[in-house]
1. With the checklist (1) at pLDDT below 85; (2) over 40 Å from the mean Cα position of the chain (by Cα); (3) surrounded by fewer than 20 Cβ atoms within 10 Å (Cβ to Cβ) in hand, flag the one item residue 426 doesn't pass.
2. Here is a check on your reading of the model: is residue 391 assigned to a loop (DSSP other than H, G, I, E, B) and either at pLDDT 90 or above or over 17 Å from residue 477 (Cβ atoms) (or both)?
3. Of these, 240, 276, which one is at pLDDT below 70 and closer than 25 Å to residue 379 by Cβ?
4. Filter the range 356-369 for residues that are farther than 15 Å from residue 393 by Cα and surrounded by 11 or more Cβ atoms within 10 Å (Cβ to Cβ); which is modelled with the highest pLDDT?
5. Starting from residues that are within 18 Å of residue 101 (Cα to Cα) and surrounded by fewer than 22 Cβ atoms within 10 Å (Cβ to Cβ), keep the ones in the range 166-183 and report whichever is modelled with the highest pLDDT.
6. Determine, yes or no, whether residue 314 is surrounded by 15 or more Cβ atoms within 10 Å (Cβ to Cβ), in a helix (DSSP H, G or I) and either in contact with a helix residue (DSSP H, G or I) (Cβ under 7 Å, 6 or more places away or on another chain) or at pLDDT 65 or above (or both).
């Protein structure tokens, strides 16, 4: 099932064309099957009618030979052979000739039954006869059992061969009297000479091919025309996720459903923008309103004469200020209002690791690889994102080994440390605000959460994976 899913195209155009092709082939196959069955039924009916007509001609020949005196019959046969090109090859034998008959088919059986029925009905009294189909190679003529190729061409070839087809020969042997059998061999007339059931004619195959091609072409143009507004809508959604101010998506040429989706997207974008603005204003107001009373409380605490009480109040105020700063940092650092511009990620990484590579540095950071071209994003946000990942590696893993993979599809940064790693059950928990595995580390527990939010704002992702030996790998994925 998974292999079948991989074979199915992912694009709307590809799936529509595949479904259309399947439906067209199914419909054409069913219609062709019905058409061929009706054609074969009509041909079989015409074949039986032709066979009955041929049988009536045979009956007339039998009646004619019966009416001739015995002495005249060889003379008449000699004249027929001398004339050549007659419809039947007729001879008088003293016994029925044994020949290898062809395997029965529906059409051969129908012809044999029709000829046998007409002859028995026309000749009246019970008559001893046999009707069978024989290939030209197995055909035998005269008492001596001569093959067709052994006779002069003027005697029988023109009546019983149709090169290069060489269709089966209908051989009828009728007993006229004691030791006297009338031998009649003939071909069925066109178009029933071969007696083979034909498949679809070449014209029908061309018709199926042309109709399928035109239908797929027009369906493809229709889907492409209808999907262009969806692509513009998707581009607008990506620009919105990057923090840009996209123009209202154009949906001219799209259906009513696409226009409705565009209107819903525009309304959603306006609500999100309004929400972000209100949130920014709210936290700015909180920052302003909380810093003032905290400052006043600090001044009043300094006026206390009890040093122990002053220390307790100071610790509470420090903790309160720490919580306020952490909340504001969580909001502001993940929602940096910047314009999208080409960012030299190599320069950003060089700036971040430069303090550790300078002569006075401790060499705890290494870098391998680089970006092959600038990345369109928010410069400060990206620097903050990668800086948090490096700081985390140094804080919890002592060292940070950076590996860059870049191609036209995505920029990928791996940050490996040499720490104890993260328990598998907490690999997602560490992204939550204020969550820290170690309680004795400094900080707010916001670094990974901020980095992931910044990556999400660029359409990317931050993921964690424990290394086989020791340490943690943090991967930053930014699609281009």
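The values are calculated or read from the model by the stated rules, or taken from the named source; none is laboratory data. As the structure is a computational prediction, the values presented were derived from the model and not from experiment. So basically every Cβ, Gly included, is an ideal-geometry build from the backbone, and we count neighbours across all protein chains shown.
1. That leaves (2) as the condition not met.
2. Working: assigned to a loop (DSSP other than H, G, I, E, B): no; either at pLDDT 90 or above or over 17 Å from residue 477 (Cβ atoms) (or both): yes.
Spelling it out, it is not the case that residue 391 is assigned to a loop (DSSP other than H, G, I, E, B) and either at pLDDT 90 or above or over 17 Å from residue 477 (Cβ atoms) (or both).
3. Values: 276 fails: at pLDDT below 70.
Exactly one of 240, 276 is at pLDDT below 70 and closer than 25 Å to residue 379 by Cβ, namely 240.
4. Step one: list which residues in the range 356-369 are farther than 15 Å from residue 393 by Cα, which gives 357-361, 368-369.
Next, only the ones that are surrounded by 11 or more Cβ atoms within 10 Å (Cβ to Cβ) stay: 357, 361, 369.
On the way: 357: 75, 361: 57, 369: 90.
If we take residues in the range 356-369 being farther than 15 Å from residue 393 by Cα and surrounded by 11 or more Cβ atoms within 10 Å (Cβ to Cβ), then 369 is modelled with the highest pLDDT.
5. Our first condition is that a residue be within 18 Å of residue 101 (Cα to Cα); within the range 166-183, this holds for 166-174, 183.
Next cut, surrounded by fewer than 22 Cβ atoms within 10 Å (Cβ to Cβ) only: 166-167, 173, 183.
Details: 166: 73, 167: 84, 173: 90, 183: 87.
In this case the residue turns out to be 173.
6. Details: surrounded by 15 or more Cβ atoms within 10 Å (Cβ to Cβ): yes; in a helix (DSSP H, G or I): yes; either in contact with a helix residue (DSSP H, G or I) (Cβ under 7 Å, 6 or more places away or on another chain) or at pLDDT 65 or above (or both): yes.
It is true that residue 314 is surrounded by 15 or more Cβ atoms within 10 Å (Cβ to Cβ), in a helix (DSSP H, G or I) and either in contact with a helix residue (DSSP H, G or I) (Cβ under 7 Å, 6 or more places away or on another chain) or at pLDDT 65 or above (or both).
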